[in-house]
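Every read-out reported here was derived from the displayed coordinates using simple, explicitly stated rules and does not represent laboratory data. Please read all numbers here as calculations on a predicted model, not as lab measurements. Don't worry about glycine lacking a Cβ; one is built from the backbone with ideal geometry, like all the others, and counts go over all protein chains shown.
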Amino acid sequence: MPELRIYESIARLVVRRPAVETGGSGFSYHRPVLTVLVVFIVLSAVEIPFIDLIVHRWPAVRIGFLVLGIWGLTWMVGFLAAFLVRPHAVGPTGIRVRSGLEIDVPLGWDEIASVAVDHRVDEPKSPRFVGGDDGSDATRTLVLRMQDATNVEIVLERPTAVTLPGRAPRGGTQVVGAVQFWTDDPRGLLAAVRPYLMEE
């Protein structure tokens, strides 16, 4: 549930425990959206006393707006925390490709053929799944953009089922042959991946 992940993310941020397996490395992806998220958090925080000043003469209304304001601020802080404590992860079991509160795509090393830096910028509102027009799952790609961009591509050994929140066509269980995503440090991620792929 997103609500529970909000509080879990805040707790992880407070104790500085990102969701990365033992022996693994985390790679952030929040830089393109950090400014926007911080602005929303500041506006949410400023809004609470401002509205309280307007409605302070009506206790019932005041309490209602106060509860809503605090809940909204907590949600925004938790949303930002999820970006910080749920990074992409490279570790002994494979790669976890993540995005915010809900998306977490685990890929084992036996499923991964190659990982490469490949910077692409797509049109706004481009579909999350692309390719596969020939009817082949091997040519279908899951694209997890950040500000319409990706910079890493994972090509899979074989068509692999991945599960995303929601329903088709943007979510649910889908079969793909590659995954593209954004990380703030593509070269660092590639360096962390290299020893595991060399062992294959």
Bridge orientation stat for the chain from DSSP, antiparallel percent rounded to 5, came to 90
Comparing ALA161, ALA149, ALA19 in a Gaussian network model of the chain (Cα, 10 Å), the one with the largest mean-square fluctuation is ALA161
Helix 2-15 sits off the longest principal axis of the Cα atoms of the chain, rounded to the nearest 10 on a 0 to 90 degree scale, by 90
If one compares the long axis through the Cα atoms of helix 186-199 with the longest principal axis of the Cα atoms of the chain, the angle in degrees, nearest 10, works out at 40
Scoring segment 5-162 by relative contact order with C-alpha pairs under 8 Å, at least six apart, yields a percentage of 24
With bins of 5 Å, the percent of all Cα-Cα pairs of segment 2-85 per bin from 0 is 3, 14, 19, 19, 16, 11, 8, 5, 3, 1, 1, 0
Counted neighbours (other Cβ, 10 Å), sorted fewest up, put SER126, SER99, SER28, SER9 in the order SER126, SER28, SER99, SER9
Computed from the beta carbon distance with a Förster radius of 25 Å, FRET efficiency for ASP134 and ASP110 to the nearest 0.05 stands at 0.45
Within the set ILE51, ILE95, ILE154, GNM on the chain using Cα springs under 10 Å gives the largest fluctuation to ILE51
Sorting PRO106, LEU68, ALA191 by the position of each Cα along the dipole of the chain (Lys, Arg +1; Asp, Glu -1; all at Cβ), the one nearest the positive end of that ordering is LEU68
With x for Gly and Pro, the residue-by-residue ³J(HN,Hα) of segment 90-105, computed from phi through the Karplus equation 6.51 cos²θ - 1.76 cosθ + 1.60 at θ = phi - 60° and given in whole Hz, is 10, x, x, 8, x, 10, 10, 9, 10, 7, x, 6, 10, 7, 8, 10
Expected vector for segment 52-65, Karplus 3J(HN,Hα) from phi with 6.51, -1.76, 1.60 and θ = phi - 60°, integer Hz, x for Gly and Pro, equals 4, 5, 6, 9, 4, 7, 10, x, 5, 5, 4, 4, x, 5
